[in-house]
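Single-structure report; data block below.
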Amino acid sequence: MSVETRLITESEFPDWLRALATGFLRPPLISDEEVSDRRAAMDFGRVRGAFDAGRCVATFRSFAQEITTVGGAALPAAAVTNVTVSPTHRRRGLLSRLMAAELAEAKERGDVVATLIAAEYPIYGRYGFGPAASTAEWAVDVPRTGLDPRWSGPAGGGRIDLVDGTDVRKAGPELHRRFAARQHGAVSRDERWWQVRTGQAGQFDGAWREPFYAVHRSAAGEIDGMVAYTADDKWGDGKQPLNTASVGDLIALTPTAERALWEFVCSVDWVTTVRSGFRATDDLLPDLLPDPRAARVVTQADFLWLRILDVVRALEARTYATSASLVLDVQDASGLASGRFRLDAAPSGASCAPCAGPADLTLDVRELGALYLGDASAVRLAALGRVEEGRAGAAAVAEGLFRTARRPWCPDVF
């Protein structure tokens with residue numbers, strides 16, 4: 001019997017969740033409580049599966065998202081998640097069929113891009129996704145930082161207050177909205193995101209631990225930063241505390257608030273190591289410390305992957321630091337974003353339209369996705385043979401246009 005790929009029905013949702021758990025190597029036992037909780041958050045018009053003899057053997061879904069592009073504009077995106085293929089059905093093209101259906105519908109819906117967090121690097125380039133924002137995590141040896149062990153609060157009239165999950169659900173969404181408006185690569189957080197991250201929903205694997213939450217208030221009393229962290233309970237043989245604080249989320253509107261929150265976490269009694277969580281690769285953290293060597297990189301990798309669906313809208317939405325014109329020949333095996341486009345960009349705005357002239361740069365849509373948020377180097381991609389110059393120096397022109405002073409950052413796994 002052939003394997004069918006399609007949208008699932010609500011009655012098939014428990015079996016879909018079982019297949020999802022199987023694909024992610026979690027126990028394939030799904031409680032009625034989990035089915036009920038997760039069903040309430042599902043848009044079944046965007047939940048797909050593959051079925052063999054009535055059994056779900058692959059899972060795939062998307063949800064509506066906004067992503068901040070360079071300059072602060074929010075683009076409608078199709079966020080791809082929950083992608084699995086059961087080990088009995090791998091290498092049969094099921095993901096290709098599910099992805100093709102989703103990307104075609106996303107284009108029809110008017111989404112400008114599709115996004116995902118890739119568990120494995122080699123998979124998604126063949127569907128036109130490029131690694132658009134990287135991430136890094138640091139382990140901070142607190143005693144070595146050189147920070148004042150007598151630190152008791154931020155300077156400049158600000159203050160830090162401990163709050164609870166209810167406070168976070170009230171103040172967090174507006175704080176994040178303001179943060180995302182200035183951080184290219186940030187993605188939207190809906191109400192369920194805040195519910196899950198504060199333990200109000202979606203906790204079924206027994207791993208949930210209530211974090212400590214703290215907010216930074218400016219001298220004017222405005223909340224301009226927030227951190228969530230957990231701590232372990234480890235003691236040395238000499239009865240000395242050796243605890244690690246792990247940051248789950250830290251966002252701030254100003255460098256002052258960011259510094260104060262890191263200093264706060266590093267000042268918590270008994271904590272000798274701070275794990276930063278996933279940060280931008282050019283995060284301020286190491287250099288906020290008197291001794292930056294106290295912060296050791298423990299993870300550095302690709303993170304957010306982006307797939308351009310509408311070249312014109314994407315390129316016109318972002319801002320550019322310099323003025324230049326480029327003709328881009330975008331190649332896309334699916335045909336969703338292929339074509340030749342002239343980009344006329346300037347700090348005051350940009351226009352982009354299909355054209356018929358000779359190409360300055362020829363590149364696959366995945367490379368355009370990697371360049372789009374400013375993380376990748378066009379010159380480096382040309383040296384790697386992934387971008388082809390039709391006009392000498394065109395890669396350097398693209399470098400000046402697309403690169404950004406700060407790296408893009410997506411704080412969220414989805």
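The values are calculated or read from the model by the stated rules, or taken from the named source; none is laboratory data. On a predicted model such as this, the values are computed, not experimentally measured, just so you know. All Cβ positions, even for glycine, are placed from backbone atoms using ideal geometry, and neighbour counts span all protein chains on display. Heavy atoms of the whole protein, side chains included, go into the accessibility calculation; ligands, DNA and RNA do not. Shrake-Rupley method; radii C 1.70, N 1.55, O 1.52, S 1.80 Å.
Scaled against the 2.2 N^0.38 Å expected of a compact globular protein of N residues, the Cα radius of gyration of region 201-340 reads 1.49. Site pair VAL413 and ASP161 shows an inter-label distance of 3.1 nm when each label is modelled 7 Å from Cα along Cα→Cβ. Dividing the helix sum by the residues of the chain, where each DSSP H run of 4 or more adds -39500 (n - 2.57), gives a mean residue ellipticity at 222 nm of -7500 deg cm²/dmol.
Computed on the Cα trace of region 1-147, the radius of gyration divided by the Kirkwood hydrodynamic radius gives Rg/Rh = 1.05. The chymotrypsin sites (Phe, Trp or Tyr not before Pro) of region 58-161 meeting both criteria, a DSSP state outside H, G, I, E and B (loop) and at most 16 other C-beta atoms within 10 angstrom of the site's C-beta, are TRP151. The gain in end-to-end length when the VAL196 to ARG380 segment is fully stretched comes to 62.3 nm, 0.36 nm per residue minus the alpha carbon separation. Annotation: Cα Rg of region 165-231 relative to the compact-globule expectation 2.2 N^0.38 Å equals 1.19.
Rolling a 1.4 Å probe across the protein heavy atoms gives region 151-253 an accessible surface of 52 Å² per residue. Applying a DSSP loop filter and a limit of 13 other Cβ atoms within 10 Å to the trypsin sites (Lys or Arg not before Pro) in region 168-272 leaves ARG182, ARG209, LYS234, LYS239. Relative to a virtual label point 7 Å from the Cα of VAL297 in the Cα→beta-carbon direction, which members of region 117-144 show backbone nitrogen distances below 17 Å? Counting backbone N atoms under 17 Å from the label point, the list is 132-141. Computed from the Cα positions only, the extents of the chain along the three principal axes stand at 68, 57, 39 Å, in decreasing order. Spatial offset of region 268-315 relative to region 1-64 amounts to 33 Å, using the alpha carbon center of each. The convex hull built on the alpha-carbon positions of region 330-374 has an orientation-averaged projected area of 3.6 nm². With r as the distance between the Cβ atoms of LYS234 and ALA64 and R0 = 35 Å, compute the FRET efficiency 1/(1 + (r/R0)^6) and round to 0.05. With R0 = 35 Å, the Cβ-Cβ based efficiency is 0.25. Using only the C-alpha atoms, the convex hull of region 288-344 corresponds to 157 Å³ per residue. Computed over all pairs of different Cα atoms, the Kirkwood value for the hydrodynamic radius of region 126-242 is 17.7 Å.
Normalised by 2.2 N^0.38 Å, where N counts its residues, the alpha-carbon radius of gyration of region 67-180 equals 1.60. Which FRET efficiency value, to the nearest 0.05, is calculated for PHE44 and SER351 with the Förster distance at 41 angstrom and r the Cβ-Cβ distance? Calculated value: 0.55. The Cα trace of region 266-412 gives Rg and Dmax of 18.7, 66 Å, the first to one decimal, the second as a whole number.
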